[in-house]
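Notes follow once the structure below has been shown.
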Ligand code: SF4
């Protein structure tokens, strides 16, 4: 069929008449259509339109909307295609005629693949936010809050032994498809039994020595196969197979060769957890333990508005592999918000996101006031509440000297970078004076030498001290309450929209899932807002209410 890009899809009269008759009491999709019109424009997705010309039953703009509806309703591709075909409210939303047969459901996966391939996922999100802005539902310079949660990869967690065995098995299966005759010449007689079935825990040896022996044998098999693949006689295209590259990297992570003998690495000489491949079937997933949760997969960070007026809309979504800690994401989120012209004036975050340099950078570069508790001083004196912690020392930044509570001036001031690359100052007090000081037990445990301090460079140190004092006040605690609501958003996403379970393989597709989830949540929230429902307060149990009233 010939299809022409359109930016307008007016609701046909017969659809309007029947929809209004059926939904006398209102319907969220009709409310949204009446107030927001179409969410997307075909002209913004010209590349898609060009690449899929002749195959479309619906425009890219309408397919974008269908993808979001799918997440709002929790439907499969086949189900949402049937719903669009049969539901009057969806036809009203999409501006379709009542007798329109809709579209073949397989077009949705093609559309998702095209959005990913053409790098249009971010645009999908930004265009919707711009649409909300145009309709006065969203403004910059308000209040926003952020939190994160873990996301389980769509693959089974594998221990180290299962991982190498399953990787061998996966590579052999791929090679069987690509070059079966060549492969038959490379394999050993026992490989059929060893790598035929899945590497499940129950069929592996229980004793540690036997497990290690098996790991070494798999390692030797892997080296044998890799050297065959990278030999001059192997077909060149085998070396470009993604899974072969994954296996090569995994073998470096798990084994080393010493005088042609294969060794199984110990945890000590393995790469950092953030770099370790966890599964041959999802090479982006990483493992991490945070407090009492251990998971393999990803982390998603949601940022939402939290002003007193208007709906709370999610304005930023970031997906990372699980190894990335929250504090690494603070500058990324701020840059992303600035790119969308949606920087807040106040940003509420928990301790994991806030480092002293973030407070300074957010204020100086983006005009954002970070509101949240900073890490407490972890020195012995601060932890025990006894003696002189950093805050007891007066720092004279101009003179590059510190004065201790006993009035002694420091004799050493060295500006360096610490292991994390941050600017710090090493300060030392004169050993002789410290030795005869009557307050020495309150100051240092060192048996020799004077008190030493390692502090952050000036702007970060000053802001850290100020924040540590401020966060003890009732005023701060009252203000910080505003952050709590984002936990409800995470809860809504996980309970209703499976935010914590990746549907797809890989970081890019998992992020796409999160963008669609978030857009679904935003649209649902706008519908509730437009229908005049008040924001729900964070629920408290009867017991909590009793205690707070007492
Ligand atoms: S031990 Fe040294 S630094 Fe500490 S209070 Fe005494 S003189 Fe000052």
**Request:** Please arrange 270, 231, 323, 279 by counting, for each residue, the other beta carbons lying within 10 Å of its beta carbon, fewest first.
**Result:** 231, 270, 323, 279
**Fill in**
D (µm²/s, integer) via Stokes-Einstein for region 166-229, Kirkwood Rh across alpha-carbon pairs, 25 °C, 0.890 mPa s: value 196 µm²/s
**Request:** Using only the Cα atoms of region 160-275, each taken as one equal point scatterer with no solvent, compute I(q) by the Debye sum, divide by I(0), and report log10 of the ratio at q = 0.10, 0.19 Å⁻¹.
**Result:** -0.29, -1.07
**Prompt:** Considering region 429-469, what Rg and Dmax in Å follow from its alpha-carbon atoms?
**Reply:** 13.4, 34
**Prompt:** With the contact rule set at Cα under 8 Å and sequence spacing of 6 or more, what percent relative contact order holds for the chain?
**Reply:** 16 percent
**Prompt:** Zone of residue 212 (label point 7 Å along Cα→Cβ, backbone N under 20 Å): which residues in region 241-280?
**Reply:** 251-271
**Nitroxide proxy distance, nm - points 7 Å out along Cα→Cβ at residue 73 and residue 140** = 3.7 nm
**Prompt:** Quick one, what does Rg over Rh come out to for region 127-167 if you take C-alpha atoms and the Kirkwood Rh?
**Reply:** 1.42
**Request:** Distance between Cα centroids, region 383-418 to region 311-378: provide it in whole Å.
**Result:** 30 Å
**Item:** region 429-444 and region 53-122: distance between their alpha carbon centers, rounded to Å
**Value:** 74 Å
**Asked** Between residue 458 and residue 133, what is the FRET efficiency for a Förster distance of 35 Å, r being their Cβ-Cβ separation, to the nearest 0.05?
**Response** 0.35
**Request:** Using only the Cα atoms of region 371-434, each taken as one equal point scatterer with no solvent, compute I(q) by the Debye sum, divide by I(0), and report log10 of the ratio at q = 0.13, 0.14 Å⁻¹.
**Result:** -0.45, -0.52
**Item:** residue 97/residue 503 FRET efficiency (R0 35 Å; Cβ-Cβ; nearest 0.05)
**Value:** 0.65
**Prompt:** Among rounded, prolate and oblate, which fits region 459-541 when a ≥ b ≥ c are the square roots of the eigenvalues of its C-alpha gyration tensor, a/c under 1.5 means rounded, and a/b larger than b/c means prolate?
**Reply:** oblate
**Message:** Just to be sure I understand the model, the point goes 7 Å from the Cα along the line to the Cβ. What's the resulting residue 484 to residue 448 distance in nm?
**Reply:** 5.4 nm
**Prompt:** Residue separation times 0.36 nm, minus the C-alpha to C-alpha distance between residue 435 and residue 396: what's the value?
**Reply:** 11.7 nm
**Message:** As an exercise, use a Förster radius of 22 Å and the Cβ-Cβ distance of residue 85 and residue 110 to find the FRET efficiency, rounded to the nearest 0.05.
**Reply:** 0.75
**Item:** region 437-461 residues near the modelled residue 411 label - backbone nitrogen below 20 Å, point 7 Å along Cα→Cβ
**Value:** 437-455
**Ratio of the Cα radius of gyration of region 13-118 to 2.2 N^0.38 Å, where N counts its residues** = 1.06
**Prompt:** What Kirkwood hydrodynamic radius do you get for region 200-335 when you take the inverse of the mean 1/r over all pairs of distinct Cα atoms, in Å?
**Reply:** 18.5 Å
**Prompt:** From the square roots a ≥ b ≥ c of the eigenvalues of the alpha-carbon gyration tensor of region 59-139, which class results: rounded (a/c under 1.5), prolate (a/b over b/c), or oblate?
**Reply:** oblate
**Message:** Quick check: convex hull of the Cα atoms in the chain, volume per residue, rounded to a whole Å³?
**Reply:** 244 Å³
**Asked** Taking a ≥ b ≥ c as the square roots of the eigenvalues of the Cα gyration tensor of region 99-148, is the shape rounded (a/c under 1.5), prolate (a/b larger than b/c) or oblate?
**Response** prolate
**Request:** Determine the calculated [θ] at 222 nm for the chain from helices alone, applying -39500 (n - 2.57) to every DSSP H run no shorter than 4 residues and normalising by the residue count; nearest 500 deg cm²/dmol.
**Result:** -13500 deg cm²/dmol
**Request:** Give me the number: length gained by fully extending residue 35 to residue 188, i.e. 0.36 nm times residue separation minus the C-alpha to C-alpha distance, one decimal in nm.
**Result:** 48.3 nm
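FYI, it's all coordinate maths here, none of it is from the lab. Predicted model, so just to flag it, every value in this text is computed and none were measured. Every residue, glycine among them, receives a Cβ derived from its backbone with ideal geometry; neighbour counts consider all protein chains shown.
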